[in-house]
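In what follows, a single structure is set out as structure tokens and then discussed.
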């Protein structure tokens, strides 16, 4: 697409971006987002900002889920919000999500990306938010779009080596994400829990104190009028199951340490899952028994005594389909979903075998040091293939519609199932009632756009 085509359908002034022809802007989005993602440096930034401002003018705007979660804390509405991580083919996958959301009147859903994913998928926050909003425009979605920083995590090894540097890195990432209009941030300092301490509160102390510090940083830089939704975490995913004493110790300690306004809106807990699932030697996934009673107990406790929306479940996308209806039944407020969507893409019969082999060959070459002793080839590939999205991102985007479209149909079926099982169909009304639109305008360097 020639960027100059835009000049006939939009206007840019000091007051912001105006759309002269809403219908005309939709088909232009495909070329515009492609050019933005694969441009360089400052021009890339200008194009991504333009996309975001166009989306706001169109009616799709970045938003915080805080007010909805406060409503959940007062009166649980019977649904669990899906938080969807997209690692590859982000524009196409987000479009598939929006298609099903429009069809089923889903308003309560989140797009997210984790600290680790930002690196290996090569999607900085501004790119991720702009691509998601471009997909919203392309599908005609209007309303709040919830974009979340997932697992903004303090890496234990890094922290123990240099606490100030690791904390500074996460604070920098938070600032970058908020500037990109991620108005939902999950802080994960559960990695710092010290189980050698004598009491549960002392075990959780480094966790709740660091969460309080980072949450205060969020409150100090959030835009005026935006109350960012902040999440905490008490049990590192893949470890032992969380319990009420840990929840109370963490939330009571956080309340003592945090004095910067509204606190947490939700709390991630461990109930038996692991990120990516547990892969067996033949490459298939082991069946995981999730502790739904723990989810019920902790969600109820978090709402009743602390006013949070409830407990959050991570690592759930590889669970069997018949498990998902249990999340709303146990009062879970949010569930994080990632690897299952990646698996649909990689395992689809529509993905050419030659392309899949190219990705796997790249992984074998670049990540051979991650092949753990005792790991089969199948286990190694499964655990590392997520890293095959970033370095060859353009090749993924350049796959033909004949390949991508049927894969997106498979994903649409999965999104439909999840929306129905999690009971978020027909949630546009409650979202529009609780989440008020507030557009934060961003300045664009128009000299880099060449719209003349």
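Annotation: the residues 303, 156, 138, sorted from fewest to most other C-beta atoms within 10 Å of their own C-beta, follow the order 156, 303, 138. Computed from label points 7 Å out along Cα-Cβ, the spacing between residue 74 and residue 171 is 3.5 nm.
Relative to the current alpha-carbon distance between residue 304 and residue 355, full extension at 0.36 nm per residue lengthens the span by 13.2 nm. Entry note, the chain: the mean residue ellipticity at 222 nm calculated from DSSP H runs of n ≥ 4, each adding -39500 (n - 2.57), is -15000 deg cm²/dmol after division by the residues and rounding to the nearest 500.
This ranking places 337, 449 by how few other beta-carbon atoms lie within 10 Å of each, fewest first, which gives 449, 337. Rg of the Cα atoms in segment 3-58, relative to 2.2 N^0.38 Å, amounts to 1.05. Using a cutoff of 8 angstrom between alpha carbon atoms and counting only pairs six or more residues apart, the relative contact order for the chain works out to 23 percent. Using the Cβ-Cβ distance between residue 293 and residue 433 with R0 set to 35 Å, the FRET efficiency from 1/(1 + (r/R0)^6) comes to roughly 0.65. A simple spin-label model places pseudo-atoms 7 Å from Cα toward Cβ; at residue 426 and residue 20 they are separated by 4.3 nm.
Could you give the length gained on full extension between residue 369 and residue 202, defined as 0.36 nm per residue of separation minus the Cα-Cα distance, in nm? List each step's numbers first, then the result.
On the way: separation 167, 0.36 × 167 = 60.12 nm, distance 3.65 nm.
Value of the extension gain: 56.5 nm.
Here the label points at residue 155 and residue 122, each 7 Å from Cα along the C-beta direction, are separated by 1.9 nm in the simple model. Fully extending the segment from residue 41 to residue 400, taken as 0.36 nm per residue of separation minus the present Cα-Cα distance, adds 126.6 nm. Ranked by how many other Cβ atoms sit within 10 Å of their own Cβ, fewest first, the residues 188, 217, 361 fall in the order 361, 217, 188.
So for the chain: antiparallel DSSP bridges make up what percent, rounded to the nearest 5?
Values: 5 of 36 bridges.
Among the beta bridges of the chain, antiparallel pairing accounts for roughly 15 percent.
A short reminder: the numbers here are calculations on the coordinates, not readings from a lab. Keep in mind it's a predicted model, so treat the numbers as computed, not measured. All Cβ positions, glycine included, derive from the backbone under ideal geometry; neighbour counts span all protein chains shown.
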